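Chemist: Please see the structure below; I have some questions.
The values are calculated or read from the model by the stated rules, or taken from the named source; none is laboratory data. Computed from a prediction, not measured in an experiment: that's the story for all the values here. With ideal geometry, Cβ positions are generated from the backbone for all residues, glycine too; neighbour counts draw on all protein chains shown.
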Amino acid sequence: MRYHDLRDFLLEEIERQEKEHQEGRLYGLYVVCKEYDARHGRLYINKTQYFSPVPQDVWEFHIGGYQVPDKYLKSRKGRALSLE
């Protein structure tokens with residue numbers, strides 16, 4: 001998987017969840033932790049919200065020694081995710 005594929009995947013999921021938030025189904029996309037549930041293909045960003053499906057090869061994707069999804073979420077810990 002190429003980097004822009006992962007970026008596109010994350011942006012599409014954020015957009016979907018933002019739409020649900022605007023419709024009153026979500027209460028924010030604040031990153032407070034990250035945990036990958038390989039069994040269900042879920043990447044949790046807090047206790048109740050997650051990206052899904054996240055294939056294991058996406059979760060384990062590395063560039064220059066960094067695990068891309070992990071690095072992305074660590075750099076956004078405590079912030080609300082958005083498309084901006």
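Chemist: For the range 43-84, what are the residues that are charged (D, E, K, R) and farther than 14 Å from Ile14 by Cα?
Modeler: Result: Lys47, Asp57, Glu60, Asp70, Lys71, Lys74, Lys77.
Chemist: Same structure, new question: For the range 43-58, which residues satisfy the criterion of being buried (at least 16 other Cβ atoms within 10 Å of the Cβ) and at pLDDT 90 or above?
Modeler: Selection gives Val54, Val58.
Chemist: Sticking with this one: Identify, please: which residue in the range 39-74 is part of a loop (DSSP other than H, G, I, E, B) and basic (Lys, Arg) and is, among those, nearest to the chain's Cα centre (by Cα)?
Modeler: Filtering the range 39-74 for residues that are part of a loop (DSSP other than H, G, I, E, B) and basic (Lys, Arg), the one nearest to the chain's Cα centre (by Cα) comes out as Lys47.
Chemist: Looking only at the range 56-66, which residues are without any contact (Cβ under 8 Å) to a residue 60 or more places away in the chain and touching a helix residue (DSSP H, G or I) at 6+ places or on another chain (Cβ under 9 Å)?
Modeler: Val58, Trp59, Glu60, His62
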